[in-house]
Amino acid sequence: TPLNFAKQTSSWAPSAFLQQTGCRAFGALRPVAEANVAPLIGRARQAPVIHSSPLADTFGRVHRYLRVSLTDKCNMRCQYCIPEEGEEPILPTTAGELLTREELRRLIRLMVGLGVQKVRLTGGEPTIRGDFAHIVEDLGQLSHSLPQPLSLGITTNGVRLSKFLPTLRRAGLRQVNLSLDTLVSAKWPLLTRRPKVWHERVLKALREVASMDDFSLKVNCVLLRGVNEDEVGQFVDLTEHHKMEVRFLEFMPFDGNGWARNRLVPQAEILSAIQRHVEQRGCGKAERLPPDTPSDVARLWRVPGWRGRVGIISSMTDAFCGGCNRIRFTANGQLRNCLFGEEGWSLRDAMRAGGSDDELTALIASGVRSKYAKLGGKRDMHELQERGGLNLPMMSLGG
């Protein structure tokens, strides 16, 4: 059977073959060693091409999307990200441990030279870093110097976004992902542990970006059962008159964020709530849309006649790892090959030890080749929760 075959060959069988033969456990396999691929070619003519790029993993995925965490500090304390008061606190990286502006410039330039085409700044909250504007300017200069400009974006909670919009525009950073988990001001202190007045600042930033035709806006909403799943319809309504994408995220387990299965609102339930609301509005049904690219993480729908669209990111109940093209730098300079991975490769330490670009490239390639097929080598959400101390907080990973 395919399952037995997988057990016999799990040290070298590529995931594409196991998927074709119906193995359900392929995600837990270890990465393929290139030297061990050759014996498979004669047995599976559809075996994936082994890329020579340092950004290609052993499953044939080429990582052209770099997510860069500028800091693991944040000006909010969202429930799904940071432990409750009284629990073991997250100790943020000190200034000397962060990648400097010069180190960031070098690493991003190196990654672009290797084939990265898209860069997103994340955190923590990236806009609270003191040299944020200068980092954005550096990124813009790099992008403008290329024959094909980079696709540049930021993920932000929006509290400080408005003041930086001119800087982002000049740099060509036009893709804004805004994290917003409630449209009800009374819920804001519960979800973020911050004052209501900040909620209006975020909504103001949302309205500003939505009104600008040269920015692309996505609103990310993490749904928590008993907290904000009753707001699905209100969020969907944002797409009626604005060309934005509202995306509902399943609650994911990270260190100290209090994840529990009964707090998760799954994709099927989210979609039912969307369709029920659209029908109650007398608009028929939201129509399924094709992905913009094979690497997209959101499954998309649009209400007929509305300007925007709605997405669901189902990391827990319907993982989308097969098309992953993302690689991450943490704020302290680790390369992380998966949001759920347990191992990091310190590019910061290599640079500070005098490492050459060739040596950094070799380290990057090692990290990429070590990537698992799915969920950092775990089979499901329950195994992810059991990682314990090997699991970094979301703020450290940069989302």
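At-a-glance table
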| quantity | calculated |
| --- | --- |
| Contour excess over end-to-end distance, with Cα ends at D214 and T317 and 0.36 nm allotted per residue | 33.6 nm |
| Per residue, in Å², the accessible surface of segment 190-335 once ligands and nucleic acids are set aside, probe 1.4 Å | 42 Å² |
| Per-residue SASA entry for H199, accessible area with 1.4 Å probe, Å² rounded to 10 | 10 Å² |
| Mean shadow area of segment 197-249 over all directions, Cα convex hull, nm² | 4.0 nm² |
| Gyration tensor (Cα) of segment 109-192, equivalent ellipsoid semi-axes in angstrom | 28, 13, 11 |
| Per-residue SASA entry for Y65, accessible area with 1.4 Å probe, Å² rounded to 10 | 10 Å² |
| Distance between modelled label sites at S356 and S53, nm, 7 Å Cα→Cβ extension | 2.4 nm |
| Nearby lysines by direct alpha-carbon distance to K374 (threshold 17 angstrom, same-chain neighbours under 8 apart not counted) | K7 |
| Long pairs among K118/K218; K118/K163; K204/K243, criterion Cα-Cα beyond 19 Å | K118/K163 |
| Spin-label proximity, V184 to segment 215-239 - amide N less than 13 Å from point 7 Å beyond Cα toward beta carbon | 224-235 |
| D349-C283 FRET efficiency (beta carbon distance; Förster radius 45 Å; 0.05 resolution) | 0.25 |
| Peptide ranges 269-276, 178-185 listed from the most packed, as the mean C-beta count within 10 angstrom indicates | 178-185, 269-276 |
| Residues whose placed amide H lies under 5 Å from that of L249, excluding near-sequence neighbours | C221, V222, L223, I313 |
| Estimated vicinal HN-Hα couplings, Hz - segment 197-209 in sequence order (Karplus 6.51, -1.76, 1.60; Gly, Pro = x) | 4, 5, 4, 5, 4, 5, 5, 4, 5, 4, 5, 4, 5 |
| Ranked packing of 331-339, 129-137, 232-240, most packed first, by mean Cβ within 10 Å | 331-339, 232-240, 129-137 |
| Estimated vicinal HN-Hα couplings, Hz - segment 109-118 in sequence order (Karplus 6.51, -1.76, 1.60; Gly, Pro = x) | 4, 4, 5, 5, x, 7, x, 5, 10, 9 |
| Derived scalar couplings ³J(HN,Hα) [segment 361-373; Karplus, 6.51 cos²θ - 1.76 cosθ + 1.60; whole Hz; x for Gly, Pro] | 4, 5, 5, 4, 4, 4, x, 5, 5, 8, 5, 7, 5 |
| Packing-based ranking, highest mean first, of 302-309, 221-228 given that Cβ atoms within 10 Å are counted | 221-228, 302-309 |
| Globularity ratio of segment 135-286, using Cα Rg and 2.2 N^0.38 Å | 1.16 |
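The values are calculated or read from the model by the stated rules, or taken from the named source; none is laboratory data. Computed from a prediction, not measured in an experiment: that's the story for all the values here. Note: ideal-geometry Cβ built from the backbone for every residue, glycine included; neighbour counts use all protein chains shown. Ligands, DNA and RNA are stripped out before the accessible areas are found, and what is left, the full protein with its side chains, is counted by its heavy atoms. Shrake-Rupley method; radii C 1.70, N 1.55, O 1.52, S 1.80 Å.
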